[in-house]
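Some notes on the structure that comes next.
The values are calculated or read from the model by the stated rules, or taken from the named source; none is laboratory data. Small disclaimer: the values here were computed from a predicted structure and weren't measured. Counting neighbours? That spans all protein chains shown, and the Cβs are built from the backbone with ideal geometry, glycine included. Just the protein is used for accessible areas: all its heavy atoms, side chains included, with ligands, DNA and RNA removed. Shrake-Rupley method; radii C 1.70, N 1.55, O 1.52, S 1.80 Å.
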Amino acid sequence: MQGQMMQQPLLISNLIVHAERHHAGREVVSRRVEGDIHRSTYKELASRSRRMANALAALGVGFGDRVATLAWNGYRHMELYYAVSGSGAVLHTVNPRLHPDQIVYIADHAEDKVLCFDMTFLPLIQAVARRTRTIKHFVAMTDRAHMPAPEVAATIPNLLCYEDLVAAQDDRFEWPNFDENTASSLCYTSGTTGNPKGVLYSHRSTLLHTFAIVMPDALSCSERDVILPVVPMFHVNAWGLPYAGCMTGAKMVFPGPGLDGKSLYELFESEGVTLSAGVPTVWQGLLAHVEANNLKFSTMKRTVIGGSACPPAMIRAFGEKLGVHVLHAWGMTEMSPLGTCCTFKAKHAGLGQEERYAVMAKQGRVVYGVDMKIVDDQGAEMAWGSETSGDLYVRGPWIIGSYFKDEGGNPLIDGWFPTGDVARIDADGYMQITDRSKDVIKSGGEWIGSIDLENIAMAHPAVAMAACIAAKHPKWDERPLLVVVKKPGAQVTREELLAFFEGKIAKWWTPDDVTFVEAIPLGATGKMQKNKLREQFKDYHLPTA
Ligand code: ADP
């Protein structure tokens with residue numbers, strides 16, 4: 001017997017229709033590439049998305065065609081989120097920090113038809129435009145007054161102006177109805193090894209993920225929130241926040257290109273931001289600015305930190321000095337991205353502050369919809385509640401089934417997606433990442449968790465950034481080498497740092513050496529590139545060797 005409820009597909013266009021109808025006047029505020037602060041509302045955003053949907057149709061973009069963006073977080077980018085996916089085309093958000101060769105590769109692989117870009121990326125567009133094979137139109141996301149000079153414009157084939165396109169169209173557009181399993185957007189993984197692979201989300205997976213992330217035990221978003229996603233809209237759809245905004249009616253604030261501590265702080269304060277999200281490296285800049293100028297947040301209550309392990313020292317700095325609660329979260333491009341989020345359970349109510357911080361350092365428990373397990377080298381499921389780590393596998397309705405164009409073959413093992421992360425899960429179901437499998441340090445056949453070591457180093461007041469990598473050792477195969485960037489003006493010696501580990505971990509986990517560097521290479525999404533460090537230190541001679 002079938003249920004007898006309405007059949008309504010879960011479509012991304014439903015979100016913008018809802019926001020316009022129920023939260024019309026709620027604001028969408030953006031720092032623009034043009035330099036000013038732009039104010040808009042969900043009503044205007046919905047209307048302009050429909051105009052843009054008409055414009056895309058007029059450009060010949062059809063059902064399932066790919067439309068790429070190279071853009072910061074801003075209202076025009078959000079309009080494209082709805083105009084493109086809502087009309088049945090696929091939004092391909094390209095990471096502008098990738099190498100131009102990689103951008104050409106993924107634009108060709110995705111067979112993008114149109115590419116919309118912020119003016120910041122004009123030089124990049126000039127470098128790649130004539131090398132890409134399928135893009136028919138390049139759209140500069142600006143108005144006529146800010147368009148490039150004719151001689152520059154002539155270097156880009158079929159260059160159009162976003163505001164001209166919007167102005168030329170009627171705002172009447174009927175969002176089409178179609179199967180909720182239709183592809184909606186496409187993100188490529190940064191491809192630290194091999195070519196980038198495409199993750200193709202559907203309307204259904206995106207809507208289910210949005211329902212999940214706004215729940216109280218996840219990011220807990222509501223109409224009363226003012227959300228500023230620092231995480232870029234080209235990094236796994238800004239972790240779903242542009243969809244969560246429309247679903248809840250929260251005010252949205254977009255930082256545009258202003259990702260330095262000062263610009264972010266100004267926007268947090270002037271717009272009354274209550275919730276933000278980003279990777280740890282961005283928060284370092286903000287914390288440094290806030291501390292150096294003795295500032296406080298007047299409205300910000302929570303910030304989501306994920307993308308790489310959030311050092312416990314950062315959780316404390318936010319909590320103790322600024323009264324901001326850090327929500328440690330974990331996920332990946334292949335997971336839309338949210339998998340776990342660290343919120344407390346009822347049993348934690350009586351805990352002291354130190355014990356609460358110990359819980360908050362973990363990546364947390366699954367949001368409903370995601371299931372996870374850890375397995376040993378033979379693929380057998382391991383019990384929860386021990387100190388032993390295993391390979392982390394996940395499954396759920398917003399987790400990848402196969403890569404775009406089946407690149408790399410079937411990624412699943414018995415219906416589970418192996419994340420490539422190594423983790424332990426405690427008896428309460430709180431997961432803690434100890435490493436990425438490719439970053440694991442294997443000493444005498446035993447694993448040493450590099451993240452644990454980095455977290456300890458980051459708690460030292462003189463350390464700005466720390467990476468722990470495997471260095472070759474004649475007896476133990478590999479031993480940990482700590483690579484450290486000092487804070488400006490700070491002094492610390494190798495011996496002092498090594499002594500700092502005493503009593504905090506098993507003695508044999510202590511790094512064999514410390515080396516100081518000017519900078520640690522960061523990848524396109526702001527994560528430490530340990531593969532580059534391993535290459536740099538591949539002939540490093542440990543004093544213990
Ligand atoms: P890439 O960095 O390859 O572009 P993602 O942005 O999808 O891809 O990164 C996913 C990976 O980032 C995870 O598999 C995990 O290794 C790491 N990661 C994400 N969040 C956390 C976290 N809170 N703690 C530790 N590692 C994390």
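For residues that are within 30 Å of residue 207 (Cβ to Cβ) and either surrounded by 21 or more Cβ atoms within 10 Å (Cβ to Cβ) or without any contact (Cβ under 8 Å) to a residue 12 or more places away in the chain (or both), tally how many sit in the stretch 373-390.
1
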| Which condition number does residue 287 fail, the rest of (1) at pLDDT below 95; (2) within 12 Å of the ligand (Cβ to nearest atom) being met? | (2)
| remark: Scanning the stretch 299-311 for residues that are more than 7 Å from the ligand (Cβ to nearest atom) and either at pLDDT below 95 or assigned to a loop (DSSP other than H, G, I, E, B) (or both), the one most open to solvent (accessible area, probe 1.4 Å) turns out to be 301
| query | In the stretch 189-212, what count of residues is obtained for those that are open to solvent by less than 10 Å² (accessible area, probe 1.4 Å), under 23 Å from residue 527 (Cα atoms) and among the aliphatic types (A, V, I, L, M)? | reply | 1
| Applying the selection to the stretch 146-163, what residues are closer than 18 Å to residue 75 by Cα, in a helix (DSSP H, G or I) and free of Cβ contacts under 8 Å to residues at least 40 places away in the same chain? | 163
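Scanning the stretch 445-466 for residues that are within 20 Å of residue 423 (Cβ to Cβ) and more than 14 Å from the ligand (Cβ to nearest atom), which turns out surrounded by the fewest Cβ atoms within 10 Å (Cβ to Cβ)?
Among residues in the stretch 445-466 that are within 20 Å of residue 423 (Cβ to Cβ) and more than 14 Å from the ligand (Cβ to nearest atom), the one surrounded by the fewest Cβ atoms within 10 Å (Cβ to Cβ) is 445.
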| task | Only helices (runs of 4 or more DSSP H) wholly contained in the stretch 164-283 count here; list those with 3 or more residues that are hydroxyl-bearing (Ser, Thr, Tyr). | result | 203-213, 261-271
| note | For the stretch 315-344, the count of residues that are aromatic (Phe, Trp, Tyr), within 16 Å of the ligand (Cβ to nearest atom) and either open to solvent by 10 Å² or more (accessible area, probe 1.4 Å) or not in a helix (DSSP H, G or I) (or both) equals 1
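Every residue, every condition in (1) in a loop (DSSP other than H, G, I, E, B); (2) in the same structural domain as residue 124 (by TED's automatic domain parsing); (3) without any contact (Cβ under 8 Å) to a residue 24 or more places away in the chain, yes or no:
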site: 8; (1), (2), (3): yes, no, yes
site: 44; (1), (2), (3): no, yes, yes
site: 48; (1), (2), (3): no, yes, no
site: 64; (1), (2), (3): yes, yes, no
site: 73; (1), (2), (3): yes, yes, no
site: 81; (1), (2), (3): no, yes, no
site: 92; (1), (2), (3): no, yes, no
site: 96; (1), (2), (3): yes, yes, no
| request: From (1) among the hydrophobic types (A, V, I, L, M, F, W, C); (2) under 23 Å from the mean Cα position of the chain (by Cα); (3) more than 23 Å from residue 239 (Cα to Cα); (4) open to solvent by 50 Å² or more (accessible area, probe 1.4 Å), pick out the condition that doesn't hold for residue 168. | output: (2)
| Hits in the stretch 37-70 - residues which are among the hydrophobic types (A, V, I, L, M, F, W, C) and either open to solvent by 10 Å² or more (accessible area, probe 1.4 Å) or at pLDDT below 95 (or both) | 37, 57, 58, 59, 61, 63
| said: Here are the criteria: (1) crowded, with 16+ Cβ neighbours inside 10 Å; (2) out of contact with any Pro (no Cβ under 9 Å at 6 or more places or on another chain); (3) more than 22 Å from residue 316 (Cα to Cα); (4) in contact (Cβ under 8 Å) with a residue 60 or more places away in the chain. Tell me which single one residue 474 does not satisfy. | reply: (1)
| task | Could you tell me which of the residues 405, 438 is away from the ligand (no atom under 12 Å from the Cβ), among the basic types (Lys, Arg) and in contact (Cβ under 8 Å) with a residue 60 or more places away in the chain? | result | 405
| With respect to the numbered conditions (1) within 16 Å of the ligand (Cβ to nearest atom); (2) of a type in the set (Gly, Ala, Ser); (3) under 20 Å from residue 400 (Cα atoms), which one is the sole condition not fulfilled by residue 361? | (3)
| query | Taking the stated definitions as given, is residue 106 open to solvent by less than 40 Å² (accessible area, probe 1.4 Å) and within 16 Å of the ligand (Cβ to nearest atom)? | reply | yes
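Just checking, how many residues over the stretch 396-432 are part of a loop (DSSP other than H, G, I, E, B) and either open to solvent by less than 40 Å² (accessible area, probe 1.4 Å) or basic (Lys, Arg) (or both)?
Residues in the stretch 396-432 being part of a loop (DSSP other than H, G, I, E, B) and either open to solvent by less than 40 Å² (accessible area, probe 1.4 Å) or basic (Lys, Arg) (or both): 10 in total.
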| field | Index of the failed condition, residue 446 passing every other in (1) more than 30 Å from residue 291 (Cα to Cα); (2) touching a strand residue (DSSP E or B) at 6+ places or on another chain (Cβ under 6 Å) | value | (2)
